[in-house]
1. Would the range A:157-165 turn up any residue that is under 26 Å from residue A:50 (Cβ atoms), of a type outside the set (D, E, K, R) and surrounded by 14 or more Cβ atoms within 10 Å (Cβ to Cβ)?
2. Starting from the range A:44-55, take each residue that is under 12 Å from residue A:84 (Cβ atoms) and list its partners that are part of a helix (DSSP H, G or I) and hydrophobic (A, V, I, L, M, F, W, C), counting only C-beta distances under 7 angstrom and pairs at least six apart or across chains.
3. Please verify whether residue A:149 is loosely packed, with under 15 Cβ neighbours inside 10 Å and either under 30 Å from residue A:34 (Cβ atoms) or at pLDDT 90 or above (or both), treating the condition exactly as stated.
4. Among the numbered conditions (1) more than 18 Å from the chain's Cα centre (by Cα); (2) surrounded by 15 or more Cβ atoms within 10 Å (Cβ to Cβ), tell me where residue B:113 comes up short.
5. Can you pull out the residues in the range B:221-268 that are facing chain A (nearest Cβ under 9 Å) and hydroxyl-bearing (Ser, Thr, Tyr)?
6. List pairs: first in the range B:148-164 and closer than 15 Å to residue B:233 by Cα, second at pLDDT 95 or above and polar (S, T, N, Q), Cβ under 6 Å, 6+ apart or cross-chain?
7. Out of the residues in the range B:269-283 that are assigned to a helix (DSSP H, G or I) and out of contact with any Phe, Trp or Tyr (no Cβ under 8 Å at 6 or more places or on another chain), state the one that is farthest from the other protein chains (Cβ to nearest Cβ).
Amino acid sequence: MLNTADFYHVLRIDQTSNSLREEIKEHCHTDIEMCLECGKCSGGCSNAHIFDITPRKIIQLIKVGEEAKLLKMDALWSCVACQLCVDRCPSSINIPRIMDYLREKAYSQGVPASRPNVELFHELMLNNIKRFGRVPEALLSVEFNIRSKQYTKDAEMGMKMFFKGKLNPIPARIKNIKQVQRMFRDIPAQREG
Amino acid sequence: MNNSEKTALIIGGGLAGLEAANKIGGAGYKAILVEKEEQLGGIMKQLYGSFPRWDNPRELVDQKVKMAQENPNVTMKTNTTVKSAHKKDQTFVVELSNNEQMEFDAVVLATGFDFYDASQYGEYGYGAFDNVLTALEFEAKLKEMESWDKEDLPQVVAFFKCVGSRDRSKGYPYCSKICCMFTAKEAGLMKDLNPDAKCFVFYMDYRAAGKEYEEFARSVMEDKHVRYVRGRPAKVLPENGKLMVRAEDTLMGVPVEVAADMIVLANAMIPAESTIELAGIFGAKIDQYGFIDYIPGHPTQTGDRVFFAGGCGFPVESLGAQYQGAAAAADVIALFTQD
């Protein structure tokens, strides 16, 4: 997580790079120069309380090309892509898409997530999608708890959910799993270094 | 008395005064326009560009001047001021600076405004550094830069808004209303001249309340790529032949710096001294700052047979000046018709 000391240096805004802004324009089809700086994204963000950098500030950081900060921020991994920000944005800036792009970039450059087991969780989840075409929550939780050595994590809640019929212990597979697997084959995850 | 011999005095040959003279003359009454400068057209004549449409403001002025010249009821006297006046029944007996004495049945004050003296902000270095200009000086500079080689054009230009306005300590507390728009215009024109230039506008708010204004300001940011930085610059210091601007980006809470080649100060529009003097002569109302004040319920009237239009009332954009000139003329025409 970033703290104030990381932030507080004088920024030479005439020497900042536009490249990240251009990349995002190209890959996310969203122009952050359209931002009105109103803060409606941050105000409505469902996870702002655990974000180290809130959505409006993320857009500002893109504007000044602070890529390094963006790739190591914790918000990258605590954003749940709930789409509230883009839904409410008066300029239709697709922040979840930008977050996706930045996450991919951080992953491919090997920038470690700031909290433990984030990569593990993402890998297990994608793996399950590859196998079943959807996410079997019970299996994923068990796998994650074992691999991260947190054996009793959320066990109590899991049991409650099971007895209420909210958790199916047997993973279900979608009909046309081949299509999903073809997707994974065509677009392999890339990671440098 | 034949009504068509009624005569109105219009003081000030800017856009508002020209509009009033043209309308009064067009209605068949006599309009005498006096202008203290040699040239008609006021501030508009000195501008390089206009907002919210990218028109040529000098063409607009020329068109209004031509209309006035072609109207036999309109007489324009440049290099002329009002020396004194006194009321005789329903008329003003006015002595002009050329010692001419004339009688008028109504007066329209269209004396325009002055600009705040930017050198009062020591921290911005106006007067100390050559490349710190006022907005009006920059308009002339834009014209000059048309013929410059590309490598001589400034690469980094910083625009400061609210210089002398929204300042309770060194300037005036009011918002000078049109600086947001002309700053957007000037930054956009700079980008047109040199698309490689980096333009930064330092602002507290950008106020774009007008038809097409928001779209205009946004297009300067989004299409011409002028960077808006929220924060009032704190100081300008020379550094390696550049002017280092220091401010806080208040949206991020970080201090920022820009090494600028040129700085443009959007200095506030303030009451002209001559307005206050003339208001005294004609019995016009003056507000707390020195702008002409209106009689409640009569937005163009400021005294008995005294009307006003344009920037002498408050900072106003070119379209507003024309509206006000026409509105003041309508009041004069109505008054003359009733007489």
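The values are calculated or read from the model by the stated rules, or taken from the named source; none is laboratory data. Everything quoted here is computed from the prediction, not taken from an experiment. Positions of Cβ are backbone-derived with ideal geometry, glycine not excepted, and every protein chain shown enters the neighbour counts.
1. Among the residues of the range A:157-165, at least one is under 26 Å from residue A:50 (Cβ atoms), of a type outside the set (D, E, K, R) and surrounded by 14 or more Cβ atoms within 10 Å (Cβ to Cβ), which makes the answer yes.
2. Taking only residues 6 or more apart or on different chains, the pairs are A:44/A:84; A:44/A:85; A:45/A:84; A:45/A:85; A:46/A:84; A:55/A:41; A:55/A:85; A:55/A:95.
3. Values: loosely packed, with under 15 Cβ neighbours inside 10 Å: yes; either under 30 Å from residue A:34 (Cβ atoms) or at pLDDT 90 or above (or both): yes.
Answer is yes for this residue.
4. Answer for residue B:113: the failing condition is (1).
5. Matches in the range B:221-268: B:228 only.
6. Listed by first residue and then by second, the contacts come to B:159/B:183; B:161/B:183; B:163/B:267; B:164/B:267.
7. B:281
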